[in-house]
Amino acid sequence: MPEFILGIDAAWTVGGSSGLALLKKENTESPSLIKLAASYKEFVGEKTYTNQKALPDLHQVINEIGKIPHVVALDIPLSPRPMTTYRAADRQITSRYGKKGAAVHSPTHDRPGKVADHMFAQLSNAGLKWAGVDAIPENAPYFMEVYPHVSIIEYMQLEYRLPYKVQKKGKYWKEYPQEERYHLSIKQLLKLRAALQLKLNHSLDDYLPVLDQEQKYKTSFLKAYEDQLDAIVCALTGYDFLQGKAMALGDETSAIWIPNSI
């Protein structure tokens, strides 16, 4: 039976930009990407790169897939209890990866607040279990919290996090002129795309074409491209969990899943 893994690079605020990636694992060594979208609406058929000012409808997303995924892996804080401060999972990730530039932002009452609570409730109501630190693949389906920066560090065996966030290029390369920052940003997105391609069974070309470094893209387009790459990273981390190649940091109320170093 095929396994389906949904990755969601989830906005922490209502209407923020999100990416979604659906992987399918059959009798191959690597999963196949079978659906990719730059918003919840686009995933279910509405061709748009922007989300409406509404909470995500994950029931609609699951209905579009046609069955409950084995894993839904999300880049957003998740907990069965209210989150208002730094959690054990946040502290452990920061302790391990802070020196590599991947410390964790602390959840607050407002961010992600009702967005995370809403997603937790919807996925629980759909029949998935929250993946705490003791979750095992045999008990799927699960939904789990992941952290793309850390997954990318592990997948690419980096000493420091990849500087691919489009809206932070001014921070990454302060000493460079604006035009050079733009080209460096494109280069990092392509570097991440190439690394993810190695982990997939089919070409990414039909979903995320290779960027042309001589072309000028709108920031909104590049942000959507970045969100979709992050969604693939989330899904691959969920896939690794199913293969027994992931571990969780946290405690009984917080768990961030990361790939084992391979």
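No value in this document is a laboratory result; all are computed from the given coordinates. For clarity, every value in this text was computed on a predicted model and none was experimentally measured. All Cβ positions, even for glycine, are placed from backbone atoms using ideal geometry, and neighbour counts span all protein chains on display.
If packing is taken as the average count of other Cβ atoms within 10 Å, what order do 231-240, 78-87, 174-183, 28-37 fall into, highest mean first?
Per-residue mean Cβ counts within 10 Å order the peptides as 231-240, 28-37, 78-87, 174-183.
So how far apart, in nm, are the two label points at ILE34 and LYS114 if each is 7 Å from Cα heading toward Cβ?
Reported label-point gap for ILE34 and LYS114 is 3.5 nm.
Just to be sure I understand the model, the point goes 7 Å from the Cα along the line to the Cβ. What's the resulting ASN139 to SER95 distance in nm?
Rounded to a tenth, the inter-label distance reads 2.4 nm.
Between LYS168, LYS245, LYS129, where does the largest GNM mean-square fluctuation fall for the chain, given springs only between Cα atoms within less than 10 Å?
LYS168
With a sphere of radius 14 Å drawn around the Cβ of ILE136, what net charge do the other residues whose Cβ falls strictly inside it have (Lys, Arg +1; Asp, Glu -1)?
-1
Tell me the net charge near SER106. Cut-off is 13 Å between Cβ atoms, SER106 excluded, with +1 for each Lys or Arg and -1 for each Asp or Glu.
+1
Using a Gaussian network model on the chain with a 10 Å cutoff between Cα atoms, which of TYR40, TYR225, TYR97 fluctuates the most?
TYR97
Do any of LYS99/LYS216; LYS99/LYS168; LYS100/LYS191 go past 22 Å between their Cα atoms, and which?
Violating the 22 Å Cα-Cα cut-off are LYS99/LYS216.
How charged is the neighbourhood of SER30? Take every other residue with its Cβ under 15 Å from the Cβ of SER30, and add Lys/Arg as +1 and Asp/Glu as -1.
Taking every other residue near SER30 into account, the sum is 0.
Once the Cβ-Cβ distance between THR85 and ALA121 is put in as r, and R0 is 25 Å, what FRET efficiency do you end up with, to the nearest 0.05?
The calculated FRET efficiency here is 0.75.
Which value in nm describes the separation of the simple spin-label points at LEU158 and GLU252, placed 7 Å from the Cα toward the beta carbon?
3.6
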